[in-house]
Amino acid sequence: MNLKLFFSLILSCSLLSVSLYEDATIVQPVSADPSEKIFQMSVAKGDVAELSARQLEIRLGLEDGDLAGITITSLPKSGSLILDGARLSEFSRLTREELDRLCFVPGESAVRSGFSFLPDCADRSAATLYVCVTDDLSSPPQAEDICLSTWSDVGIQACPFPDSQMQPAFVHITRSPQKGVAQTDGQSISYLPFCKAVGEDCFSYVLVDAFGNLSDEATGTVTIQENKNHFSFSDMAGHAEEAAAITLHQSGILCGEKIGDAWYFHPDSVMTRGQFLICLLAAKGVSPADQAVIQTGLANDRDLPLWIKPYLQTAIRQKIITETVFFPGDPVSVLEAEELLRRSFDPSWKKAAFSSLLTALGSSSFQALSPDQADTFLTRADCAVLLSKMTNNFPS
């Protein structure tokens, strides 16, 4: 979602709007001029709002360096604009360097106060920044650098919320990539490389909380690996899991089905426990026992097909399977897959894998895996998202 649109929606839906937090009511006016840009930020009572050129650029939707300065057109009714210890007057002109030293000091009884300005940039539309004062203000959101990996001409999606981000927030792209297009729906980031683009790319983003406060900028680094044989699945075009599915095929982990000249991944088909275990061992780079296995030691060994026993024996030795029984033909749930991953890989890898899966399931990290999601059966698309992070063939 565009940041300007995000703030306009907050401020323009009604003459009085209320913050998402029940204990922090923020009253906000609406401009009579539809062309005027209106933004807000919040500070705790007794604090000073520190401004900067880059912060204003982000709120205005500008690239880094586009804002040369501003001209103050109206002063706050309750509070002062302070530069180097001196109070500013109306129609003061500030350079970019001076904006980095600008502070807003709310009045003692202020609940909300703002100032208007004309930005010195290509779009000189008037803008107003309101500073809201609240007794109970959460810490600003924390954005973390993220790494994305995909194949040439294949898009990818990620959820950038860190585990520490427990409050609702929105994603805003602040710097555009050079080799593709980065977009956000407010809760996730999608990246699509330009045609035949390969190599490294990057973009920047911030998180915006319900009070209008911004995180520091974080960097998204994208590795675009060349798809030399131009491989694709006919039933995965446009899917968020497409890059992961191609990775599993290229790595020989889960190849899909070839019908005629086309390949099909069957992304919605449910994985069985046996299928997921075999894929897990392949992603881990562990080969099954070379010799035929007659006895696995499991309580239901007599009911197990011979083809699964070498994989089971290997998984038992690797302490991936610790139960006394195993039913390879049963569907595997997301919760069961998470437990098998925990036993198989380094915790940081499992975290990255499930962060991607949460995005695919429509969740973000401040929303824990719900009981309904935990009991959901794992599809082939889900499996691709989980295991693509673990393969050496996929830059990660």
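Looking across the range 301-343, the residues that are in a helix (DSSP H, G or I) and under 19 Å from ALA384 (Cα atoms) come down to VAL334, LEU335, GLU336, ALA337, GLU338, GLU339, LEU340, LEU341, ARG342, ARG343.
State yes or no: is VAL198 of a type in the set (A, V, I, L, M, F, W, C) and either closer than 30 Å to VAL48 by Cβ or out of contact with any Asp or Glu (no Cβ under 9 Å at 6 or more places or on another chain) (or both)?
In short, no.
Reported count of residues in the range 237-266, each being touching a residue at least 60 places away in the same chain (Cβ under 8 Å) and part of a loop (DSSP other than H, G, I, E, B), is 9.
Here's the yes/no breakdown for (1) at pLDDT below 90; (2) buried (at least 18 other Cβ atoms within 10 Å of the Cβ); (3) of a type in the set (Asp, Glu); (4) not in a strand (DSSP E or B):
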{"position": "PHE115", "(1), (2), (3), (4)": "no, yes, no, no"}
{"position": "VAL131", "(1), (2), (3), (4)": "no, yes, no, no"}
{"position": "SER139", "(1), (2), (3), (4)": "yes, no, no, yes"}
{"position": "GLN157", "(1), (2), (3), (4)": "yes, yes, no, no"}
{"position": "PRO160", "(1), (2), (3), (4)": "yes, yes, no, yes"}
{"position": "THR174", "(1), (2), (3), (4)": "no, yes, no, no"}
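How many residues, within the range 86-109, are among the small types (Gly, Ala, Ser), out of contact with any strand residue (DSSP E or B) (no Cβ under 6 Å at 6 or more places or on another chain) and modelled with pLDDT of 95 or more?
2
Which pairs turn up if I take residues in the range 38-55 that are basic (Lys, Arg) and look for partners that are at pLDDT 95 or above with beta carbon separation below 7 Å, at least 6 apart in sequence or on another chain? Once the first residue is basic (Lys, Arg) and sits in the range 38-55, no partner that is at pLDDT 95 or above comes close enough. None of VAL293, VAL334 is farther than 29 Å from TRP151 by Cα and either more than 36 Å from the chain's Cα centre (by Cα) or not acidic (Asp, Glu) (or both) except VAL293.
The values are calculated or read from the model by the stated rules, or taken from the named source; none is laboratory data. Given the structure is predicted, the values throughout are model-derived calculations rather than measurements. Positions of Cβ are generated from backbone atoms using ideal geometry, with glycine treated the same way; all protein chains shown enter the neighbour counts.
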